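Here the structure comes first, spelled out in structure tokens, and everything after it is commentary.
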There are 2 protein chains.
Amino acid sequence: MATGRTHRPATRSRGIPEATVARLPLYLRALTALSERSVPTVSSEELAAAAGVNSAKLRKDFSYLGSYGTRGVGYDVEYLVYQISRELGLTQDWPVVIVGIGNLGAALANYGGFASRGFRVAALIDADPAMTGKPVAGIAVQHTDELEQIIADNGVSIGVIATPAGAAQQVCDRLVAAGVTSILNFAPTVLSVPDGVDVRKVDLSIELQILAFHEQRKAGEETGTPDEAASAQSAAPADAITPGAAAAAPAPLAPHRAAPGAGTDNGRQGPDGDVPAVMPA
Amino acid sequence: MATGRTHRPATRSRGIPEATVARLPLYLRALTALSERSVPTVSSEELAAAAGVNSAKLRKDFSYLGSYGTRGVGYDVEYLVYQISRELGLTQDWPVVIVGIGNLGAALANYGGFASRGFRVAALIDADPAMTGKPVAGIAVQHTDELEQIIADNGVSIGVIATPAGAAQQVCDRLVAAGVTSILNFAPTVLSVPDGVDVRKVDLSIELQILAFHEQRKAGEETGTPDEAASAQSAAPADAITPGAAAAAPAPLAPHRAAPGAGTDNGRQGPDGDVPAVMPA
DNA sequence: CTATGTGAAAGCATTCACAGCG
DNA sequence: CGCTGTGAATGCTTTCACATAG
């Protein structure tokens, strides 16, 4: 784990702000669609609408790439597709490995959008010997023992981790040791990686929780209390997910502000169970 | 589509900054792990490390929730778990529907972390009649025709879209019309929703593209040119993914700055193929 | 006269650093 | 005396609004 740095790409990225980089794929997608419909040019306004951002932002983003538009006209679709692709490094082929061929890993392997943008699934790797040799998405699954060899043979620098949480760090360490420098992590764990390695994570559960937060606020406003709402609208049947461990509403260490709002809801809290899809075992 | 507002939650969220909200699930996960190990208290430093953020950020985040810590000691794990759960609205049960039971949809249905945090899969919906009645993750798939009824019967306010891109907007419109106000979108499309509806998206391809961008930069630095790099290191065999449409390096509309760096790489560009996993058809 | 490109202003988020509570 | 909670400083991102190229 060395310096123990975690997450977030190296931040500064040669001029182009991170926020802009994150939107380039969006623009590219919109442009690709236009390209397919043989639309020759777009205005910042139109393209922005198609990408779901506002035009000022889009123009500012593009300004970091250079002056690729034509005043009074707009942007040349084909040319922009090319420029953004190049900027993103999609004009080259990126072999990736997927580690952990459970439900999710298999879905990822089958995912069309993967291959369509310069990413090639070079190998599928799983720790379960029973999986070895089985074809998934037309590729034979290989055993974890081969990991280092596969990385080296294929010049893989991007790895996708779709293992259970418990195995993720270990897999990550091996990937990194074998030369992988970018990791897309689907396991619900924080990965420690040395400097120079980028990790991006995708966590379904987190996304849902963020939605739930806003959803709760909506419900709260609706019910009246337009402010410190939190009025636990117990519309849904209060069947706790799992009656496990920690009982309801634990008492604070010190008598801080007592839990506001309509108190005693059920202190839901299940055993972590954090595992992306089915386990490879 | 009404006002045609798109993406990003309603922004302002009653005091708590959006960035903080997005980190609460992370803290919760770390805390839950501690709770399972029966750790009674944590310092901001320890918890921050476990969640992969720095301690100052964590303390600032928690300060928005209230003063839940004890100076000189730290935070009470159980109490914090409860407070954050409540803040996120996880003390109640959230029924969700998953629309589009292809590869990805099925993986999502099987995803353990789903149910473990207050989210209950109320129904699986697919447009393919051949899927109807089939059990996936122990739940019988229902046909799209039933969508409105299912939403109403179960009081669903959160929907997950895992259909092909082409069907996503239509499904989204139906979900919204039926009363869904939060959507987690896995289809690679920008969804238009009326105000008051939150959309969060998860796009594998986008994440990989962001990684590729940074990866390319790394490769560039390595090879010398520490600045406007873009020196297309053609290590991998230049087998274009799909030799489709648009030829190589289209010419700019006007003679702007000619494409810098080692010019003529292959103008990769396949038929969109944007489909998350297998299609329900 | 239209739509880009961009300084300058405003708004958020992160980090610093330290006062002050237990 | 350690560790939280938080103003103040810094840095990023978004938005505004307009000069300017075509």
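The values are calculated or read from the model by the stated rules, or taken from the named source; none is laboratory data. In this text, all values refer to a predicted model and were calculated from it rather than measured experimentally. All Cβ positions, even for glycine, are placed from backbone atoms using ideal geometry, and neighbour counts span all protein chains on display.
Some points to look at:
- Among the residues of the range B:42-64, those that are farther than 17 Å from A:Ser192 by Cβ and not aliphatic (A, V, I, L, M) comprise B:Ser43, B:Ser44, B:Lys57, B:Arg59, B:Lys60, B:Asp61, B:Phe62, B:Ser63, B:Tyr64.
- For the range B:47-72, residues that are under 27 Å from the mean Cα position of the chain (by Cα) and more than 10 Å from DNA strand C (Cβ to nearest atom) total 7.
- Only one entry of B:Ala167, B:Ala127 meets the criterion of being modelled with pLDDT of 95 or more and out of contact with any Pro (no Cβ under 6 Å at 6 or more places or on another chain), and that entry is B:Ala167.
- Any hit, the range B:213-230, residues being at pLDDT below 65, surrounded by 19 or more Cβ atoms within 10 Å (Cβ to Cβ) and farther than 27 Å from A:Val53 by Cβ: no
- A search for C-beta distances below 6 Å between a residue of the range B:120-148 that is touching a residue at least 40 places away in the same chain (Cβ under 8 Å) and any residue that is basic (Lys, Arg), counting only pairs 6+ apart in sequence or on different chains, returns B:Val141/B:Lys134; B:Leu147/B:Arg174.
- Residues that are more than 21 Å from A:Val199 (Cα to Cα) and either more than 16 Å from DNA strand C (Cβ to nearest atom) or in the same structural domain as B:Arg117 (by TED's automatic domain parsing) (or both) within the range B:25-41 comprise B:Leu31, B:Thr32, B:Ala33, B:Leu34, B:Ser35, B:Glu36, B:Arg37, B:Ser38, B:Val39, listed in sequence order.
- Residue within the range A:18-25 that is surrounded by 15 or more Cβ atoms within 10 Å (Cβ to Cβ) and more than 19 Å from B:Gln209 (Cα to Cα) present: no
- The range B:69-80, residues that are over 11 Å from B:Leu31 (Cβ atoms) and either out of contact with any Ser or Thr (no Cβ under 7 Å at 6 or more places or on another chain) or modelled with pLDDT under 95 (or both): B:Gly69, B:Thr70, B:Arg71, B:Gly72
- Selection status of A:Leu184, surrounded by 20 or more Cβ atoms within 10 Å (Cβ to Cβ), modelled with pLDDT of 95 or more, hydrophobic (A, V, I, L, M, F, W, C) and in contact with a Phe, Trp or Tyr (Cβ under 8 Å, 6 or more places away or on another chain): no
- Verdict on B:Gly69 being farther than 21 Å from A:Phe186 by Cα and free of Cβ contacts under 8 Å to residues at least 60 places away in the same chain: yes
- Helices (runs of 4 or more DSSP H) wholly inside the range B:65-174 that include at least 3 residues being facing another protein chain (nearest Cβ under 9 Å) and within 16 Å of DNA strand D (Cβ to nearest atom): B:77-88
- Selection status of A:Gly15, more than 7 Å from every other protein chain (Cβ to nearest Cβ) and at positive phi: yes
- Residues of the range B:31-64 that are at the interface with chain A (Cβ under 8 Å from one of its Cβ atoms), within 13 Å of DNA strand D (Cβ to nearest atom) and polar (S, T, N, Q): B:Thr41 alone.
- Listed conditions (1) small (Gly, Ala, Ser); (2) without any contact (Cβ under 8 Å) to a residue 40 or more places away in the chain; (3) closer than 21 Å to B:Ser205 by Cβ are all met by A:Ala178, apart from (3).
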